[in-house]
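Each remark here refers to the structure printed beneath this line.
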Amino acid sequence: MKNELTSFPSGKAAIFNGTGIPFKFIEKDVPQLKDGEILVKNLYTTLCGSDIHTYCGHRIEPAQVVLGHEIVGEILSLDQTSTVKDFRGEPVKIGDRITWSIFAVPAGIEAPRPDMPQKSDHLYKYGHTLASENNIFSGGLADYCVLQPNTAFIKISSSIPVKVAATISCAHSTVMGALRIAEQIENKRVIVFGAGLLGLSCVAMCKEAGAQWIGLVDNDQARLYWGSKFGSDEVYSSINEDHAGDLPWPEADIVFDMTGNPGAMKIGIDSLALGGCAVWIGAVFPAKPVQVDAQKIVRKLLQIRGLHNYNYDDFVNATRFIEDNHSKYPFEDLIEKEYPLNDIEAAFKYASESKPVRVGIKIS
């Protein structure tokens, strides 16, 4: 492999070692790239909900990890001996802005199903991988990221704000996957539970897909404020899972749950019309079981479908959605507060306590 760098730069990375333990900053030289690897200068990282769950101890990651997987950056070094193309087939060069999938499937590993590459064995996951001595630049909370071979990356225009571009590789791609497994959206009645970035993205995507009516449910009035700006027809405050009688919203053909809250998922099933479908993507951390009325599922011909992460088509389609709609919907405003990498401790504290839609980390 030949690249234009005769020596590789040094950079810092914020290491997470567990709940309640301060982040540790490590300064290291970027290692010499191996065949198929690409060196990216991280520009911006947003703190995903799963990052917050890890920080708070609700889910467990390796004892030494560079968190952050919603990332956008610029190519700093790549193989110069041949034309390198992104996942859409567009040639890329030094200085191009890219975002990349949360996972890379190692060479020789076959996906369990063609539409489920994210469930392949031995996945490399950015922001989730053990930060070893020779592989410290593996997530968004660092100056650089070394892209592994077989990483799906996409060149994106610098006209898309970095705050928005960063969120393509997790939030928007996951939501696009949720719409895929929900199948037909056009002319359907939709309810979205959870008005965070996932929920608001889902509302906007359903709007663009031609949904007949969209309701948004959350217990946070500040988040519900955004509903109409992203295309919801009505917003509703959450209700207790032991509700009695009529629901405050009409029955829906499709219910999306972005909360991972068992009570909300139960209410979502209660909200389905005959033949309806519940799509769950928020349950990515341990919680109590969902109390499902099996007779209701059978007699109303209901379906429950789950999705974790996303596939390549979802990633491509989410990128296209943001390219087409980043100016139409106020996605950039959902990054409610921004911190430099050096203030990562304060950023996580604010994100976990104040619960903004997203916190951004600007990489200097």
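The values are calculated or read from the model by the stated rules, or taken from the named source; none is laboratory data. The model shown is predicted, which means the values in this text are computed figures rather than measured ones. Cβ sites come from the backbone with ideal geometry, for glycine too, and all protein chains shown count toward neighbours.
The rows are residues; the columns are (1) within 28 Å of Ser158 (Cα to Cα); (2) out of contact with any strand residue (DSSP E or B) (no Cβ under 7 Å at 6 or more places or on another chain); (3) at pLDDT below 95.
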site: Glu4; (1), (2), (3): yes, no, yes
site: Pro9; (1), (2), (3): yes, yes, yes
site: Glu37; (1), (2), (3): yes, no, no
site: Cys48; (1), (2), (3): yes, no, no
site: Leu67; (1), (2), (3): yes, no, no
site: Glu74; (1), (2), (3): yes, no, no
site: Thr81; (1), (2), (3): yes, yes, yes
site: Pro91; (1), (2), (3): yes, no, no
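A quick yes/no check of all residues on (1) in contact (Cβ under 8 Å) with a residue 24 or more places away in the chain; (2) within 17 Å of the chain's Cα centre (by Cα):
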site	(1), (2)
Glu90	yes, no
Lys93	no, no
Pro106	yes, no
Gly139	yes, yes
Asp143	yes, no
Phe153	yes, yes
Lys163	yes, yes
Residues within the range 108-136 that are on the phi > 0 side of the Ramachandran plot and either over 16 Å from the mean Cα position of the chain (by Cα) or modelled with pLDDT under 95 (or both), tallied
2
Out of the range 214-236, which residues are within 17 Å of Gly268 (Cα to Cα), of a type in the set (Asp, Glu) and more than 22 Å from the chain's Cα centre (by Cα)?
Glu234
Do we find that Gly177 is touching a residue at least 12 places away in the same chain (Cβ under 8 Å), of a type outside the set (Phe, Trp, Tyr) and not in a loop (DSSP other than H, G, I, E, B) in this structure?
yes
Inter-residue pairs, beta-carbon under 7 Å, first under 13 Å from Pro330 (Cα atoms) and in the range 195-209, second hydrophobic (A, V, I, L, M, F, W, C) and in a loop (DSSP other than H, G, I, E, B), 6+ apart:
Leu197/Val357; Leu200/Trp226
Within the group Phe25, Phe16, which residue is among the hydrophobic types (A, V, I, L, M, F, W, C) and either surrounded by fewer than 15 Cβ atoms within 10 Å (Cβ to Cβ) or farther than 23 Å from Phe103 by Cβ (or both)?
Phe25
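List the helices (runs of 4 or more DSSP H) that sit entirely inside the range 208-325 and contain at least 3 residues that are within 30 Å of Lys155 (Cβ to Cβ) and not small (Gly, Ala, Ser).
In the range 208-325, 312-325 are the helices (runs of 4 or more DSSP H) which contain 3 or more residues that are within 30 Å of Lys155 (Cβ to Cβ) and not small (Gly, Ala, Ser).
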I need every pair where a residue in the range 212-227 that is of a type in the set (Gly, Ala, Ser) has its Cβ under 7 Å from the Cβ of a residue that is part of a helix (DSSP H, G or I), sequence separation at least 6 or different chains.
Gly227/Val203
